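Just so it is clear, none of the values below were taken in a lab; they were calculated from the coordinates. Nothing here was measured: the structure is a model prediction, and the numbers come from that model. As a convention, Cβ positions derive from the backbone with ideal geometry for all residues, glycine included, and neighbour counts pool all protein chains shown.
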Amino acid sequence: MKLRVVSFGGGVQSVALLVLAAQQIIDYSTFLFANVGADSENPGTLRYLYDVARPFARTHGLEIHELHRVPTRGHFAGRVETLYGRMTRPGSRSLPIPVRMANGAPGTRSCTADFKIRPIGKWLRSQGASRDNPAAVAIGFSTDEIHRCNRKKAQPFEIPEYPLIDLGMSRADCHALITQAGLPVPPKSACWFCPFRRLASWAEARRDEPDLFWRAVDLERTLNHRRDELGRDHVYLSRLGRPLDEAIAEAQPPLFDPAGADGPPSCDEGHCWT
């Protein structure tokens, strides 16, 4: 039997796939969540995973497997490596996230490949997926993201599938489906320090999640202190090319209930195909 799984990022589209599977509208019972680290993931995403998604899955006979990166070589050999841990380890020169250069352009990144794609691929191969017997991997692109399908480079042991697009479902449809199922709408999934975060989202973070915002400020300073020692140009977590605490003002109080509002654009579907 062909292995059929969902790449689960914990955001709106992923949870919509979970609901559709529970309703037996789509044929998947295994969901793979590649956790980049409890110190790296949006805390709201992890709370939703443990408090809402997993209990819902168990009730409907579905499984959510939480995967981690465990290198076989190097400093973290045999231990769980987190994205934040890689960047902040003493002596590390690694910049796996798409930091912004002084001109606002994003740098190269390896976070998606190392902490999302490879752990999922390792699990698939351990379950028998191969070039001759590829797994079907559902990706949570909705109809308003159809252009992103062309950016998904399939691994030799997988065949990507797009159930939301096949069903003609938009992000708004996913919101409605989750609400109709009696579940809260999850926050947008992303690392709390992701440089792809919109400026408005950074401003809202400074207002609503000051602890995370100032942790991001500290991370940016740590990275640039290291670059000073190496004689390299500074990098930034926003596209404005200035330190985060100088570039981002606190957002004004919301006029309406912000519940379910979008956050940074990133990895609802679990692969960060931004």
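Can you report the number of residues in segment 215-247 which are assigned to a helix (DSSP H, G or I) and of a type in the set (Val, Ile, Thr)? Lay out the reasoning, then the answer.
Taking segment 215-247 as the starting set, the residues that turn out to be assigned to a helix (DSSP H, G or I) are 215-230, 244-247.
The next check asks that each one be of a type in the set (Val, Ile, Thr); those that pass are 217, 222.
Count: 2.
Which of the helices (runs of 4 or more DSSP H) contained wholly in segment 29-101 include at least 1 residues that are closer than 25 Å to Thr179 by Cβ, free of Cβ contacts under 8 Å to residues at least 12 places away in the same chain and out of contact with any Asp or Glu (no Cβ under 7 Å at 6 or more places or on another chain)? Show your work before the answer.
Details: elements: 43-48, 54-59, 83-88.
In segment 29-101, the matching helices (runs of 4 or more DSSP H) lie at 43-48, 54-59.
Tell me, please, whether a residue that is farther than 27 Å from Arg100 by Cα, in a helix (DSSP H, G or I) and among the basic types (Lys, Arg) can be found in segment 169-181.
Yes, segment 169-181 contains at least one residue that is farther than 27 Å from Arg100 by Cα, in a helix (DSSP H, G or I) and among the basic types (Lys, Arg).
What pairs come up if the first residue lies in segment 234-255 and is within 14 Å of Cys194 (Cα to Cα), the second is among the charged types (D, E, K, R) and buried (at least 16 other Cβ atoms within 10 Å of the Cβ), and their beta carbons are under 6 Å apart, counting only those six or more places apart or on different chains?
Note: pairs meeting the criteria are Tyr236/Arg100; Leu237/Glu220; Arg239/Arg100; Leu244/Glu220.
Just to check your reading of the model, which residue among Ala203, Ala129, Ala190, Ala135 is buried (at least 22 other Cβ atoms within 10 Å of the Cβ) and either touching a Pro at 6+ places or on another chain (Cβ under 9 Å) or more than 22 Å from Arg69 (Cβ to Cβ) (or both)? I'd like the intermediate steps shown before the answer.
Numbers: Ala203 fails: buried (at least 22 other Cβ atoms within 10 Å of the Cβ); Ala129 fails: either touching a Pro at 6+ places or on another chain (Cβ under 9 Å) or more than 22 Å from Arg69 (Cβ to Cβ) (or both); Ala135 fails: either touching a Pro at 6+ places or on another chain (Cβ under 9 Å) or more than 22 Å from Arg69 (Cβ to Cβ) (or both).
Of the residues listed, the single one that is buried (at least 22 other Cβ atoms within 10 Å of the Cβ) and either touching a Pro at 6+ places or on another chain (Cβ under 9 Å) or more than 22 Å from Arg69 (Cβ to Cβ) (or both) is Ala190.
Any residue that is part of a loop (DSSP other than H, G, I, E, B) and within 20 Å of the chain's Cα centre (by Cα) - is there at least one of those in segment 156-163?
Step one: of segment 156-163, the residues part of a loop (DSSP other than H, G, I, E, B) are 156-157, 162.
Now restrict to residues that are within 20 Å of the chain's Cα centre (by Cα): 162.
Within segment 156-163, one or more residues are part of a loop (DSSP other than H, G, I, E, B) and within 20 Å of the chain's Cα centre (by Cα).
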